[in-house]
Each structure stands twice: as C-alpha cells, then as structure tokens.
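Take a look at the structure below.
The values are calculated or read from the model by the stated rules, or taken from the named source; none is laboratory data. Predicted model only: the values in this text are computed from it and were never measured. Please note: Cβ atoms are built from the backbone with ideal geometry, for glycine as well, and neighbour counts cover all protein chains shown. In case anyone asks, the SASA skips ligands and DNA or RNA and just uses the protein heavy atoms, side chains included. Shrake-Rupley method; radii C 1.70, N 1.55, O 1.52, S 1.80 Å.
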Amino acid sequence: MNPKKILVIHGPNLNLLGKREPEIYGKDTLEEIEAAVKKKAESLGIAVETFQSNHEGALIDRVQSAGDDFSGIVINPGAFTHTSVALLDALLAVDLPVIEVHLSNIHRRESFRQHSYTAKAAIGIIAGLGTRGYLLALEAMVDL
Ligand code: CA2
C-alpha cells in the first residue's frame, strides 16, 4: 500500500460543472478541478486517484474497495449528501479518514441542502470555497 495515496470522489452531476450554474458552483469544469487536485498533490508529494459517478451503488462500491489502497478519502457526494444513508454507511465502514467537500456553501442554500447524512462519517467538512476546498482538503489530509 502507498501510505500517501488519497482517493478523491465526485458524486452525481459534478461531471456537468462549468457548463451551467457557474454562479453557484464556479466556472471550473470537473477536468479543471481534477487538474488542480493533481497539481496540488504533486506539490504536497502525495498521489491521488479520482473517481466520479452519477450512480449511488458505484460510489458505494468505490468507497468499499478503497480500504487497502488509500490512506484517506476526499469526497463531494453531490446530492447524495442529502439523501444517502447507504453512502454514509459505506463511509463509516471503510477504515479511512474522510473529508467532505462542497463547492457551494450548502448552509446558505435551500433547507434540503443544509443537512448532510454523509458528514457524520467525516472528520471535517469544507463548503463554499469552490475548487479551493478540494486543495485545502488535501493539505488537511497530509497534516492528519
Ligand atoms: O456544492 C456542492 O458541491 C454540492 O455537493 C453540489 C451538488 C449539490 O446537489 C449539493 O447540494 C451541493 C450538485 C452538483 C451539480 O452540479 C451541477 C453543475 C452544473 C449543472 C448542473 C449541476
């Protein structure tokens, strides 16, 4: 196992970033976010792998299989944040530190976005700082 490899997971619809709603989610595409994540990881001397899916089961499968290969998970669960006890259970079951990231400040948005099921599995949450949130999460993972 590489002790400094971090898994960065993006949930549903995040593949649409940059194409609509830039006033909420910023103008960066997912590809640009992932490029920034990889550049940051290089500067921190760590390895990252990224994964995006629109499917709850695929996200759960990826979390379940992460245990042996990674030392932490950074996850933006997208709308599953607000709905998925199943994804929460997978994050609780995997024996890895988890940091939850949201591009937007979910606490300034609709009431249904203000509750996160998945946050119960996270050591910390970063919301509202756009792409920078992922980079700060990587820094925090290294410190941890
Ligand atoms: O702020 C975040 O990062 C969110 O996790 C993004 C999710 C949203 O459901 C959460 O409440 C907060 C949705 C991402 C969807 O992104 C789109 C981007 C462009 C067009 C449509 C959706």
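Worth pointing out:
- Charge dipole of the chain about the Cα centre (unit charges at C-beta), most positive-ward option of Ile24, Tyr117, Leu96: Ile24
- Spatial offset of segment 122-143 relative to segment 10-68 amounts to 13 Å, using the alpha carbon center of each.
- A convex hull fitted around the alpha carbon atoms of segment 9-52 yields 67 Å³ per residue.
- Shape class for the chain, computed from the alpha carbon gyration tensor (a ≥ b ≥ c): oblate, with a/c not under 1.5 and a/b at or below b/c.
- Rolling a 1.4 Å probe over the protein heavy atoms of the chain, with every protein chain left in place, gives an accessible area that is 50 percent carbon and sulfur.
- Once the 1.4 Å probe is applied to the protein heavy atoms, segment 82-144 comes out at 52 Å² accessible per residue.
- Percent RCO, i.e. relative contact order, over the chain, from Cα pairs under 8 Å lying at least 6 residues apart: 28
- Rolling a 1.4 angstrom probe over the protein heavy atoms with all chains in place gives segment 1-53 an accessible area of 58 Å² per residue.
- Lys pairs, the chain - Cα-Cα below 21 angstrom, 8 or more residues apart or on other chains: 10
- Here the gap between Asn54 and Glu139, fully extended at 0.36 nm per residue and compared with their Cα-Cα distance, gives a gain of 27.9 nm.
- Kirkwood-Stokes translational diffusion coefficient of segment 1-75, alpha-carbon pairs, 4 °C, 1.567 mPa s, µm²/s: 98
- Kyte-Doolittle at least -1.0, axis length at least 30 Å by Cα - qualifying DSSP helices, the chain: none
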